[in-house]
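Asks: This is the structure I have questions about; it appears just below.
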Amino acid sequence: VVIEVDLYVLPMQGPDVVLGIQWLQNLGKVTHDYAHQTMEFTLLDTTYSLKGDDSLRMKKISLYQMQAMLEHDNVYEIHYLSIETEVEEMSPETAFLRSAELEHLLLRFDSLFQVPTTLPPHRSIDHRIHLLPKTKPVNVRPYRYLHYQKGEMEKLVNEILSQCIIRFSQSPFSSPVLLVNKKDRSFCFCVDYRALNAVMVKDKFPIPKADEMFDEHRGAIIFTKLDLRAGY
């Protein structure tokens, strides 16, 4: 088939002819399959299929290949794309004010960052454990621990004893202890209260709905986390 097209003569290197949208408009309805690099169209009741040349696919090249192409004028265009996060530039005055405000806030609540040495003060509602009727004392045997875990456990027990988080006690109740690895390779001291929880009278409280929580906290930029210092 012979298709006549009007061409513009341009100084360029590489392909002899570049066929664009004007040529495609003369073909009418065209079907492209980019995965197999095929193009089909019907002209004068005859269907034609063109197949792309696989050797012309774009390939990655090395820096030395790029330098050689530049030396022989075989490069038409080079595009460099990057995604950069726009960082808000802060004037020295604003930075000073913000740092001063932050320092004032930290000093105001300095006691919250100190390691506790006493229990929290008594409040209107103190925690109490209520057991189901006729419940016998819950006593679970300790787990087996590795040698190095025993030493670490004694160390952690002494720490929380000194902080008055726990105290010496004689009781028929007993729950085992677990050491959980944290990201900084230290240990998190956890008590397995599952057996005790099974016989507790649980206070009922409706679980907050996710959509309501999102609505209430919309626009918030500061959130609190339970026991952040301990890495929970």
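The values are calculated or read from the model by the stated rules, or taken from the named source; none is laboratory data. The model shown is predicted, which means the values in this text are computed figures rather than measured ones. Counting neighbours? That spans all protein chains shown, and the Cβs are built from the backbone with ideal geometry, glycine included.
Asks: Can you tell which of 169, 174 is among the hydroxyl-bearing types (Ser, Thr, Tyr) and touching a strand residue (DSSP E or B) at 6+ places or on another chain (Cβ under 7 Å)?
Replies: 174 is the lone residue from the list that is among the hydroxyl-bearing types (Ser, Thr, Tyr) and touching a strand residue (DSSP E or B) at 6+ places or on another chain (Cβ under 7 Å).
Asks: Would you mention how many residues in segment 21-35 are under 24 Å from residue 54 (Cα atoms) and either assigned to a helix (DSSP H, G or I) or of a type in the set (A, V, I, L, M) (or both)?
Replies: Final tally of qualifying residues: 6.
Asks: Under 8 Å by Cβ, and 6 or more places apart or on different chains, what pairs join a residue from segment 124-143 that is surrounded by 11 or more Cβ atoms within 10 Å (Cβ to Cβ) with one that is assigned to a loop (DSSP other than H, G, I, E, B) and small (Gly, Ala, Ser)?
Replies: Listed pairs, sorted by first residue: 137/171; 138/175; 140/175.
Asks: Take the residues of segment 5-33 that are closer than 13 Å to residue 43 by Cα and exposed (fewer than 10 other Cβ atoms within 10 Å of the Cβ): which is nearest to the chain's Cα centre (by Cα)?
Replies: For segment 5-33, the residue satisfying everything is 29.
Asks: Sticking with this one: Residues of segment 194-232 being at pLDDT 85 or above and of a type in the set (S, T, N, Q), which ones?
Replies: Residue satisfying the conditions is 197 alone.
Asks: If you don't mind, another one. Mind listing whichever residues of segment 36-57 are of a type in the set (A, V, I, L, M), within 18 Å of residue 18 (Cα to Cα) and not in a strand (DSSP E or B)?
Replies: Once the filter is applied, which keeps residues that are of a type in the set (A, V, I, L, M), within 18 Å of residue 18 (Cα to Cα) and not in a strand (DSSP E or B), segment 36-57 yields only 56.
Asks: Among the residues in segment 57-71, are any of a type in the set (Gly, Ala, Ser), modelled with pLDDT under 75, surrounded by fewer than 10 Cβ atoms within 10 Å (Cβ to Cβ) and farther than 30 Å from residue 158 by Cβ?
Replies: no
Asks: Here's another thing I want to ask about it. Would you be able to tell me the number of residues in segment 21-48 that are among the aliphatic types (A, V, I, L, M) and in contact (Cβ under 8 Å) with a residue 40 or more places away in the chain?
Replies: So the count comes out to 2.
Asks: If only one of 113, 96 is closer than 30 Å to residue 159 by Cβ, at pLDDT below 80 and aromatic (Phe, Trp, Tyr), which one is it?
Replies: After ruling out the rest, the residue left standing is 113.
Asks: Tell me yes or no: at least one residue of segment 204-216 is in contact with a helix residue (DSSP H, G or I) (Cβ under 9 Å, 6 or more places away or on another chain) and either of a type in the set (Phe, Trp, Tyr) or part of a helix (DSSP H, G or I) (or both).
Replies: Within segment 204-216, not a single residue is in contact with a helix residue (DSSP H, G or I) (Cβ under 9 Å, 6 or more places away or on another chain) and either of a type in the set (Phe, Trp, Tyr) or part of a helix (DSSP H, G or I) (or both).
Asks: Does residue 135 qualify as being among the β-branched types (Val, Ile, Thr) and under 24 Å from residue 226 (Cβ atoms)?
Replies: no
Asks: While we're here: Which of the numbered conditions does residue 158 fail, given that it passes all the others? Conditions: (1) at pLDDT 90 or above; (2) loosely packed, with under 11 Cβ neighbours inside 10 Å; (3) not in a helix (DSSP H, G or I).
Replies: Condition not satisfied by residue 158: (3).
Asks: Does segment 134-141 contain any residue that is more than 20 Å from residue 194 (Cα to Cα), polar (S, T, N, Q) and either under 37 Å from the mean Cα position of the chain (by Cα) or not in a loop (DSSP other than H, G, I, E, B) (or both)?
Replies: no
Asks: Check whether at least one residue in segment 180-191 is free of Cβ contacts under 8 Å to residues at least 60 places away in the same chain, part of a strand (DSSP E or B) and touching a helix residue (DSSP H, G or I) at 6+ places or on another chain (Cβ under 7 Å), and report yes or no.
Replies: The answer is yes; a qualifying residue exists.
Asks: Now a separate question. Kindly list the number of the only condition in (1) closer than 19 Å to residue 7 by Cα; (2) part of a helix (DSSP H, G or I) that fails for residue 18.
Replies: Only one criterion is unmet by residue 18, namely (2).
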